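Accompanying notes for the structure given below.
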Amino acid sequence: MVDVTPADAVPPAEVAEMELYHPHSWWTKYVFSQDAKVIAIQYSATATAIGLVALVLSWLMRLQLGFPGTFDFITPEAYYQFITMHGMIMVIYLLTALFLGGFGNYLIPLMVGARDMVFPYVNMLSYWIYLLAVLVLVSSFFAPGGPTGAGWTLYPPQAIMTGTPGGQEWGIILMLVSLILFIIGFTMGGLNYVVTVLQGRTRGMTMMRLPLTVWGIFTATVMALLAFPALFVACVMMLLDRVLGTSFFMPAVVEMGEQLQHNGGSPILFQHLFWFFGHPEVYIVALPAFGIVSDLISTHARKNIFGYRMMVWAIVGIGALSFVVWAHHMYVSGMHPYFGFFFATTTLIIAIPTAIKVYNWVLTLWRGDIHLTIPMLFAMAFIVTFVNGGLTGLFLGNVVVDVPLSDTMFVVAHFHMVMGVAPIVVIFGAIYHWYPKVTGRMLNETLGRFHFWVTFLGAYLIFFPMHYIGLMGVPRRYAEMTDVTVMTESAHHLNSFISIMAFIVGFAQIVFLFNLIWSIRHGREAGGNPWRATTLEWQTPQTPPAHGNFGKELPIVYRWAYDYSVPGAKEDFIPQNMPGTFGPSREPA
Amino acid sequence: MSVILVFLLVIAGFAGWWLSHQRLMTKPWLEQGVAEDFVPFDRSGLPTAKIGLGVFLAVVGCLFALFTSAYFMRMALSDWQPLPMPRLLWLNTGMLVLSSIALQCASVAARKRQMDTVRLGLVAAGLTAIAFLIGQLMAWRDLTADGYFLASNPANSFFYLITGMHGLHIVGGLVGLSRTTAGAWNGARPERLRLSVELCAMYWHFLLFVWLAIFALLAGWAATFIDICRQLLT
Amino acid sequence: MPIVVVLVLIVVGSVLFHFLSPWWWTPIASNWDYIDNTIIITFWITGVVFAAVVLFMAYCVFRFRHREGGRAAYEPENKRLEWWLTIVTGVGVTAMLVPGLFVWSQFVNVPSDATVVEVVGQQWQWSFRLPGKDGKLGTSDTRDVTAENPLGVIAKDPNGQDDVVVEAADLHLPVGKPVKMLLRSIDVLHDFYVPEFRAKMDMIPGSVTYFWFTPTKTGTFQVLCAELCGQGHPMMHGIVMVDTQEDYVAWLDQQQTFAQLSAPQQTGSAEQAPGNATASALEVAVKLETVGSR
């Protein structure tokens, strides 16, 4: 036993005892709260609410694709508005907000052993600006002309022209303003997440003792802080093009037989800026999922994550590499063809650290003690869908293979699998895992298993066959596939099948929401550490953690986050804040 | 996109330097016990607020690097007609330099706890910064009066856009500066005041640096400089 | 335990689906079977990896699921294994990348004997321009687009006078001859895509992009727009007919040149050429209406 703490080695005072704000009224406690846990729940609830809108939109467009011509109200115009809002909401307002604003806020302070985020006031502002961004976005549904139908990529010139819904009306303006607000709000939150990890860690919590969840969210936030400005720049410039008639992105164009005033702008410039944000964005969503799923697998297989160091290096490596692959979204955009060589190479290189992460997840299962809990099932669903979607990424990343496949349904299937289904099942797994900490009660097991099976199998059945429709050559973003000759009769039946699966999977999400609400009151009491996990959030004196997280004294960390099934230890887990030395052939500390 | 990539390379350099101190090669499962025994360098000794501001400035830098990248890419197209730089910009630059100097003085004085000098420095910095903003608006007015409208040429569009974006950041800084100044009069704790004065100074120096960079960019020197470099390389 | 069965079923089902389902790419009609081959290589490599990972996971769950009193093994890492896996992955990735880059360099380098065809996209129809007897296309500019000159051919350029203009009609190509498609748009982004040719490329207003291919089969092929271009996007079809040399020449002889098309304009009978751009917009508006009312 080496753990006698020298009293003079106290870390900087503000880490241990930062000035904690104390809420005095109901309003400051539950509404304008500066407590990261409350902000996390606000973020999650808002993201879920707007996510439901996106879910309904996906139903509407599946109605049109599965049963073309049956529903009169889904005009091509409406269809493009649905896909645009669905895509934008899912990618930015749901996934980014939920992973970073929701999970980041809840888990970072608890996992690093801090009382709160380092700048709680800014953190609160971050949420309210996010909410404002969401409201502006929603308002575009009620604006004259409706929301924009430019596709979530918002490519100019069409995004701001008459032939696109909302292009010359309010839709595109509200969308751009909403994005700008989102980025401002996110930057405020992101500063908190990064600096809390840098400076807020409790004694003994070195970077290499952090759970991979924190590593994932931390790296993703750093990337987001550097990538979102590109979207900001693109949005501001497009807004000027649209409102004040500048020509950043707008070349000379003829619109419905009339010459427009714009001249000389470059649509490709927008694409570069957009994808300079857009590709890191994929990993901004993926890295937190990687981190969380590592912790889920490790905890529920009762085994340390295999190759922790490799996992950390891979997260950092993927984060860095993802800034030099953006133009693989632009192989057929008409940019200089020689870029293709460079970007195909970097894109396929990024597959290597990603593959290592997959190997390490499944190797963690090897000789584990696998508890088939719902979080574990969702983690496995993640591996299946992520491997599937990641591998199809190798088709699209390899420049010449991308040529026939790009802009087809293959792409739609690919990115839904890899950054739709895969991160979403991680979110579900994470909710089943951490819900007991947030509420003190377990989610209902039967409903949970129903939700898992329907979501996992349904989503696979939606998106796996969809690849083959793309392989046939059917382009994406077609409100009408009936006129496409390569689309065979049987493929139309397949489309109907996919639509029916989409309704079923969507329905299962309503069951899940019901479970979330029902279990707050009626769930089984969970206790402080129902999964017998090692990380700090499970060691709080109260469940749900009270204001300030850790009671009187902050925990001191003595070990890494993965001491499961250590030989010689009595229990099969050793919490990070438990002193003592265990295990075989450990070097003396 | 080369400007932003170079900028990110610098950020990556910082990140790499920091990571190299995090002992990424250790085997954490072998190290049990209090971390101080094996971690000499963990958290930064700098105040958290400064680190927060540092991260924020990196984001701001990223934003302007991206504008610069877009500027160069758009500039390469055929319809680009550079606009003349109003002379007034030199005066404005001088104002912003003075503003930075004043804040630097305030920050030195805050360390020595000379409250009068701190107040003087803060007010001087605020006034010169406002003078800078007014000067920028006058430069805009002069240009429009001479027929260089926002939408008439991409060079003009970029001029208004980038200077406007920089001006907005100064306005944001003025909010912080006014809070600090209020604190200097209302008897904020000396350590606290010192920290906020230092934060203001840091932000001001950075925005001065950004201004000098974009001034060089908008005046066309940056492009000339890059051309010379390119010629030297080939 | 159901998860073990399901994981195995997913692998078996996916493989069976791949081989047995009727949904596969359309028969190729161009020289880009290289691309198809690269896709096949990629399918094999990725398929093996997918099956291996998921089956391994299924085995792990089967073999190491929780049993009373069971305990997990303790193994923080295994350097050798990780290095081996990295190397094997690297080899697999290289096996996909190298042929890919090789074919890409063929794709971007146009053979010198390729003839030129210009495709002009506009909301929401395709037009084409072929060089006349001089073998050269005249220059063009979106600013010169008018109802009488829908492709924006610069009238002053002598090279342009004999260009064959095919406005909003079918394109014919001779079989077996490499052709370089020059792609231009006068309004928004479009993408000239014929699934049977495998190749595609975006068209950007203000610049000219290209790709090349050699048609290898005669027949009629549908042109699709593959880049979202507004609400008429899914209706933006066209036809490419690949002909034998004789048929092609016969077709070409019937086409009008730019000079012929702009002749009535010079004589002053502007009614002869109603605003074509407006006409196309109207046409699509009608189409949209019919779709909407369905």
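The values are calculated or read from the model by the stated rules, or taken from the named source; none is laboratory data. The structure displayed is predicted, hence computed values, not measured ones. All Cβ positions, glycine included, derive from the backbone under ideal geometry; neighbour counts span all protein chains shown.
Considering only the stretch B:80-96, how many residues are outside any loop (DSSP other than H, G, I, E, B), touching a residue at least 12 places away in the same chain (Cβ under 8 Å) and of a type outside the set (Ser, Thr, Tyr)?
Summing the residues that are outside any loop (DSSP other than H, G, I, E, B), touching a residue at least 12 places away in the same chain (Cβ under 8 Å) and of a type outside the set (Ser, Thr, Tyr) in the stretch B:80-96 gives 6.
Quick check on my filter: what residues within the stretch A:177-215 are among the polar types (S, T, N, Q), within 7 Å of chain B (Cβ to nearest Cβ) and within 18 Å of the chain's Cα centre (by Cα)?
Across the stretch A:177-215, the qualifying residue is only A:Thr187.
Under the condition of being in a strand (DSSP E or B) and of a type in the set (A, V, I, L, M, F, W, C), which residue from the stretch C:102-126 is surrounded by the most Cβ atoms within 10 Å (Cβ to Cβ)?
C:Val120
Would you call A:Val399 touching a residue at least 12 places away in the same chain (Cβ under 8 Å) and facing chain C (nearest Cβ under 7 Å)?
yes
Here is a check on your reading of the model: is A:Gly104 surrounded by fewer than 23 Cβ atoms within 10 Å (Cβ to Cβ), assigned to a helix (DSSP H, G or I) and either on the phi > 0 side of the Ramachandran plot or small (Gly, Ala, Ser) (or both)?
No: the conditions fail for A:Gly104.
Check the stretch A:365-373 and report whether any residue there is part of a helix (DSSP H, G or I) and either under 20 Å from the mean Cα position of the chain (by Cα) or closer than 20 Å to A:Ala413 by Cβ (or both).
The answer is no, given that none of the residues of the stretch A:365-373 is part of a helix (DSSP H, G or I) and either under 20 Å from the mean Cα position of the chain (by Cα) or closer than 20 Å to A:Ala413 by Cβ (or both).
Can you work out which of the residues in the stretch A:162-176 that are away from chain C (no Cβ under 11 Å) and touching a residue at least 60 places away in the same chain (Cβ under 8 Å) is surrounded by the most Cβ atoms within 10 Å (Cβ to Cβ)?
A:Ile172
Report, by residue number, each residue of the stretch A:466-497 that is in a helix (DSSP H, G or I) and within 24 Å of the chain's Cα centre (by Cα).
Residues satisfying the conditions are A:Met466, A:His467.
Among the candidates C:Val208, C:Val166, single out the residue that is farther than 19 Å from C:Pro234 by Cα and away from every other protein chain (no Cβ under 14 Å).
C:Val166
On the given criteria, is A:Met310 surrounded by fewer than 24 Cβ atoms within 10 Å (Cβ to Cβ), within 7 Å of chain C (Cβ to nearest Cβ), at pLDDT below 95 and over 30 Å from C:Phe211 (Cβ atoms)?
yes
Just one of (1) in contact (Cβ under 8 Å) with a residue 60 or more places away in the chain; (2) assigned to a helix (DSSP H, G or I); (3) among the β-branched types (Val, Ile, Thr) trips up A:Val332, so point out which.
(2)
Tell me, please, whether a residue that is more than 19 Å from A:Trp361 (Cα to Cα) and over 23 Å from the mean Cα position of the chain (by Cα) can be found in the stretch C:48-63.
no
Yes or no: the stretch A:433-452 includes at least one residue that is assigned to a loop (DSSP other than H, G, I, E, B), charged (D, E, K, R) and within 11 Å of another protein chain (Cβ to nearest Cβ).
Looking through the stretch A:433-452, none of the residues is assigned to a loop (DSSP other than H, G, I, E, B), charged (D, E, K, R) and within 11 Å of another protein chain (Cβ to nearest Cβ).
If you check A:Ala502 against the conditions, is it away from chain B (no Cβ under 14 Å) and touching a Pro at 6+ places or on another chain (Cβ under 6 Å)?
No, not satisfied.
In this structure, does B:Leu143 turn out to be modelled with pLDDT under 95 and hydrophobic (A, V, I, L, M, F, W, C)?
yes
Just checking, does the stretch A:28-42 include any residue being over 25 Å from the mean Cα position of the chain (by Cα) and buried (at least 21 other Cβ atoms within 10 Å of the Cβ)?
Checked the stretch A:28-42: no residue is over 25 Å from the mean Cα position of the chain (by Cα) and buried (at least 21 other Cβ atoms within 10 Å of the Cβ).
Restricting to the stretch A:464-499, and then to whatever is at the interface with another protein chain (Cβ under 10 Å from one of its Cβ atoms) and among the β-branched types (Val, Ile, Thr), can you tell me which residue is surrounded by the fewest Cβ atoms within 10 Å (Cβ to Cβ)?
Checking each candidate, the answer is A:Thr482.
Within the stretch C:169-198, restricting attention to residues that are closer than 23 Å to C:Asp247 by Cβ and either outside the structural domain of C:Val249 (by TED's automatic domain parsing) or assigned to a loop (DSSP other than H, G, I, E, B) (or both), which residue is modelled with the lowest pLDDT?
The residue in question is C:Ala169.
When the residues of the stretch B:119-148 are narrowed to those that are in a helix (DSSP H, G or I) and among the charged types (D, E, K, R), which ends up farthest from B:Val175 (Cα to Cα)?
Checking each candidate, the answer is B:Asp142.
Could you check the stretch B:125-155 and list, in sequence order, the residues that are surrounded by fewer than 20 Cβ atoms within 10 Å (Cβ to Cβ) and more than 24 Å from the chain's Cα centre (by Cα)?
B:Arg141, B:Asp142, B:Thr144, B:Ala145, B:Asp146, B:Gly147, B:Tyr148, B:Phe149, B:Leu150, B:Ala151, B:Ser152
Would you say B:Gly52 is without any contact (Cβ under 8 Å) to a residue 12 or more places away in the chain, more than 8 Å from chain A (Cβ to nearest Cβ) and within 30 Å of B:Ala125 (Cβ to Cβ)?
Spelling it out, it is not the case that B:Gly52 is without any contact (Cβ under 8 Å) to a residue 12 or more places away in the chain, more than 8 Å from chain A (Cβ to nearest Cβ) and within 30 Å of B:Ala125 (Cβ to Cβ).
Scan the stretch C:122-143 residue by residue and report those that are in contact with a Pro (Cβ under 9 Å, 6 or more places away or on another chain) and not hydrophobic (A, V, I, L, M, F, W, C).
C:Gln122, C:Ser127, C:Asp134, C:Gly138, C:Thr142 - these are the residues of the stretch C:122-143 that are in contact with a Pro (Cβ under 9 Å, 6 or more places away or on another chain) and not hydrophobic (A, V, I, L, M, F, W, C).
Need pairs with beta-carbon distance below 7 Å; first residue closer than 29 Å to A:Met417 by Cα and within the stretch C:47-73, second of a type in the set (Lys, Arg) and part of a helix (DSSP H, G or I); sequence gap 6+ or separate chains.
Within 7 Å, no pair qualifies.
Being farther than 25 Å from A:Tyr283 by Cβ and under 23 Å from the mean Cα position of the chain (by Cα): is that true of A:Val138 here?
So A:Val138 fits the description; yes.
I want to confirm something. Restricting to the stretch C:222-237 and keeping residues that are part of a strand (DSSP E or B) and buried (at least 24 other Cβ atoms within 10 Å of the Cβ), which single residue is nearest to the other protein chains (Cβ to nearest Cβ)?
C:Leu224
Of everything in the stretch A:484-542, what is within 30 Å of A:Phe464 (Cβ to Cβ) and acidic (Asp, Glu)? Give them in sequence order.
A:Glu489, the sole residue that qualifies.
All but one of (1) under 27 Å from C:Gln255 (Cα atoms); (2) at the interface with another protein chain (Cβ under 7 Å from one of its Cβ atoms) hold for C:Ser140, so report the exception by its number.
Checking C:Ser140 against (1) under 27 Å from C:Gln255 (Cα atoms); (2) at the interface with another protein chain (Cβ under 7 Å from one of its Cβ atoms), the one that fails is (2).
Does any residue of the stretch C:69-79 turn out to be within 26 Å of A:Trp361 (Cα to Cα), buried (at least 19 other Cβ atoms within 10 Å of the Cβ) and in contact with an Asp or Glu (Cβ under 9 Å, 6 or more places away or on another chain)?
So far as the stretch C:69-79 goes, yes, one or more of its residues are within 26 Å of A:Trp361 (Cα to Cα), buried (at least 19 other Cβ atoms within 10 Å of the Cβ) and in contact with an Asp or Glu (Cβ under 9 Å, 6 or more places away or on another chain).
Any idea how many residues of the stretch A:66-76 are within 11 Å of another protein chain (Cβ to nearest Cβ) and surrounded by 20 or more Cβ atoms within 10 Å (Cβ to Cβ)?
4
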